[in-house]
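J.: Quick one: this structure, given as structure tokens, is what I'll be asking you about.
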Amino acid sequence: MSSDPRRPPTPAGERGCGTSVAVDGDRARSVSALLDRNARLFGDHVALTHAGATYSWRDLHGLVQKTLADLRARGVAPGERLAVPLSASIESVALLWAAAALGATIVALDPSAPREIWEARATAAQATWLVVPQTGTDPRLARLGGVAPSAKAAPAPLTVVFTSGSGGRPKAVPLWSKQYLASAEATVAALALVATDRWLAVMPMFHVGGLAILFRALVSGGGVELHERFVPRLVADRLRGGEISFCSLVPTMLARLLPLLEPSGADQMSRLLLGGAPVPSQLLRVAEQLGIGVYRAYGMTETASMIALARPGEEGAEPLPGVELRIEGTKQSGEILVRGPMVSPAATDREGWLHTGDVGFLDRAGRLHVRGRLKNIVITGGENVSPEEVERVLEEHEQIAEVGVAGVPDPEWGELLVALVVRRARSRALGSDAELTESVRSFCRRRLERYKVPKRVFTVAALPRTATGKIDRSALTALARSLAQAAG
């Protein structure tokens, strides 16, 4: 055990003392024990802040108890699934921890989506309740048509989270508290998080990137500042204030944030954890020039957030404690396979390996290098091309702010490689789209094999993206096909 007085002791076997959150089943004991511990050891420390309201760990413990009692009184039973529009609010956090204590499952919904999508997702996940958290009062509950589980049913997952759907239709992924806590414990160890750290949470709470922040605070005893949405200027001010230790972002957020930041000493600026999509190298260079420490995370919904971490200045990502990685393919590259306690058992093969669908390799030091997605491969003229590889090259072009590459049907090539680019504001006066196209192709010829050079280039106002900032590959391909057909 660390002698650092800020670092919370390991909770293994600890029951807590004082008023405890009631526990139903083995699944909830770890979450509830951590809440007990934090209320006892860090009772007056800030656990959550949101919209001017501040809750200590003792306050949050009491709110979880109240929420749990309300769920029971209104007939919610262990094992039932609660479809919840999860906003970045204290009430949503209390509902999550109360569900853990009860043994119920949270089906995480996008609060900004229309009710029709809520109902469709709730039906797909077999939810029995629709629960809408409300500020300062009890949540609204409505009974749905799902079938309640039998008493002999296997332990229910803590959440069902829908993937961002970057490659098509979102997929429902069940995750148990065991996976979340394993991920949080590994992350706390890798980043040396302590009880005095505070995390700025601007990621959506209905995705695993937002939920993981809550579990890291639960494990470390630290605090979380909840923001309902990403407002670049507000985030920039908070990062400069000296109170925030870490902030999780996707590359799109970082690109919007960097112009608002000024060079600062490393001791004054928060550290940034970047994930959710490939990171353009030019963003990392600008961040480095500003003195910002950027950690790049690799992970996915099925692994309850990140499983490998690249520290500032490092090329490859080091696996987190407890993570096993394997490459299925050639020595140069192949599909990335992951195994470990943070991987959802619903997503693995018989030997416990998750086939990620990502392509990469391990270097001699065992660090992971991610190259792209298997399913995104474009076959043009009999050659396989990774759109992400071409995108990484084009992100270095001085006139391009954003780029997405896709394949469109072609009678000669099978698939034609097309680049959709968002031009930098200052570059629009530097030439026509035709001139930009030739510039892009010439730029690629000097850096890529000939068959990887896009045959056509189109300028667009913005790239289609998912709620987590990833390029929406399905929508990108549809847009590329539409533009190619219109151009003839």
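J.: Please report, ordered by residue number, the strands (runs of 3 or more DSSP E) entirely within the range 349-404 with at least 1 residues that are under 30 Å from Pro321 (Cβ atoms).
T.: Working: elements: 354-362, 368-373, 378-380, 383-385.
Here the list reads 354-362, 368-373.
J.: For the list (1) farther than 20 Å from Asp358 by Cβ; (2) in contact (Cβ under 8 Å) with a residue 60 or more places away in the chain, I need the number of the one condition that Gly469 fails.
T.: (1)
J.: Need the failing condition index for Asn384 against (1) assigned by TED's automatic domain parsing to the domain that holds Thr459; (2) touching a residue at least 24 places away in the same chain (Cβ under 8 Å), just the number.
T.: Tallying (1) assigned by TED's automatic domain parsing to the domain that holds Thr459; (2) touching a residue at least 24 places away in the same chain (Cβ under 8 Å), Asn384 fails exactly one: (2).
J.: Another question about this same structure. Out of the residues in the range 311-329 that are of a type in the set (Gly, Ala, Ser) and in contact with an Asp or Glu (Cβ under 7 Å, 6 or more places away or on another chain), state the one that is nearest to Val161 (Cα to Cα).
T.: Across the range 311-329, the extreme among qualifying residues is Gly316.
J.: Something else now. Step by step: first the residues of the range 119-168, then only those that are part of a strand (DSSP E or B), touching a Pro at 6+ places or on another chain (Cβ under 9 Å) and not hydrophobic (A, V, I, L, M, F, W, C), then the one that is modelled with the highest pLDDT. Which residue is that? Reasoning before the result, please.
T.: Residues of the range 119-168 part of a strand (DSSP E or B): 129-134, 137-143, 159-162.
Now restrict to residues that are touching a Pro at 6+ places or on another chain (Cβ under 9 Å): 130-133, 139-140, 159-162.
Then keep just the ones that are not hydrophobic (A, V, I, L, M, F, W, C); that gives 133, 139-140, 159.
Working: Pro133: 81, Pro139: 81, Arg140: 85, Thr159: 97.
Step by step, filter the range 119-168, then rank; the result is Thr159.
Residues checked against (1) crowded, with 22+ Cβ neighbours inside 10 Å; (2) β-branched (Val, Ile, Thr); (3) not in a helix (DSSP H, G or I):
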{"site": "Leu234", "(1), (2), (3)": "no, no, no"}
{"site": "Gly242", "(1), (2), (3)": "no, no, yes"}
{"site": "Pro278", "(1), (2), (3)": "no, no, yes"}
{"site": "Arg285", "(1), (2), (3)": "no, no, no"}
{"site": "Leu309", "(1), (2), (3)": "yes, no, yes"}
{"site": "Gly322", "(1), (2), (3)": "no, no, yes"}
{"site": "Ile327", "(1), (2), (3)": "no, yes, yes"}
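J.: Right, here's the next one. From Ala486, Ala434, Ala475, grab the single residue that is part of a helix (DSSP H, G or I), closer than 30 Å to Ser87 by Cβ and without any contact (Cβ under 8 Å) to a residue 12 or more places away in the chain.
T.: Only one candidate passes the filter, namely Ala475.
Residues checked against (1) in contact with a His (Cβ under 9 Å, 6 or more places away or on another chain); (2) surrounded by 22 or more Cβ atoms within 10 Å (Cβ to Cβ); (3) at pLDDT below 95; (4) not acidic (Asp, Glu):
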| residue | (1), (2), (3), (4) |
| --- | --- |
| Thr19 | yes, no, yes, yes |
| Asn38 | yes, yes, no, yes |
| Phe42 | no, no, no, yes |
| Val46 | no, no, no, yes |
| Gly62 | no, no, no, yes |
| Leu95 | no, yes, no, yes |
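J.: Can I ask one more? For Thr356, indicate whether it is of a type in the set (Ser, Thr, Tyr), out of contact with any Asp or Glu (no Cβ under 8 Å at 6 or more places or on another chain) and assigned by TED's automatic domain parsing to the domain that holds Leu257.
T.: no
J.: Could you list all residues from the range 48-91 that are in a strand (DSSP E or B) and farther than 21 Å from Arg198 by Cα?
T.: Result: Arg81, Leu82, Ala83, Val84, Pro85.
J.: Out of the range 63-77, which residues are free of Cβ contacts under 8 Å to residues at least 24 places away in the same chain and more than 17 Å from Glu91 (Cα to Cα)?
T.: Ala73, Gly75
J.: Suppose the filter is assigned to a strand (DSSP E or B) and modelled with pLDDT of 95 or more; does Leu420 pass it?
T.: yes
J.: Still on this model: Scan the range 394-416 and tell me whether some residue there is over 33 Å from the mean Cα position of the chain (by Cα) and under 20 Å from Ser281 (Cβ atoms). Before you say what the answer is, go through the steps one by one.
T.: Kept after step one, since they are over 33 Å from the mean Cα position of the chain (by Cα), are these residues of the range 394-416: 410-414.
Filter once more, so that each one left must be under 20 Å from Ser281 (Cβ atoms): none.
The answer is no; no qualifying residue exists.
J.: Of all residues in the range 425-460 being over 23 Å from Asn376 (Cβ atoms) and modelled with pLDDT of 85 or more, which is surrounded by the fewest Cβ atoms within 10 Å (Cβ to Cβ)? Spell out the reasoning first.
T.: Residues of the range 425-460 that are over 23 Å from Asn376 (Cβ atoms), as a first pass: 425-436, 438-439, 442, 446.
With the extra rule that they be modelled with pLDDT of 85 or more, the set shrinks to 438-439, 442, 446.
On the way: Glu438: 12, Ser439: 18, Ser442: 10, Arg446: 8.
The qualifying residue surrounded by the fewest Cβ atoms within 10 Å (Cβ to Cβ) is Arg446.
The values are calculated or read from the model by the stated rules, or taken from the named source; none is laboratory data. None of these values were measured; they are calculated from a predicted model. For neighbour counting, all protein chains shown are included, and Cβ atoms are generated from backbone atoms with ideal geometry for every residue, glycine included.
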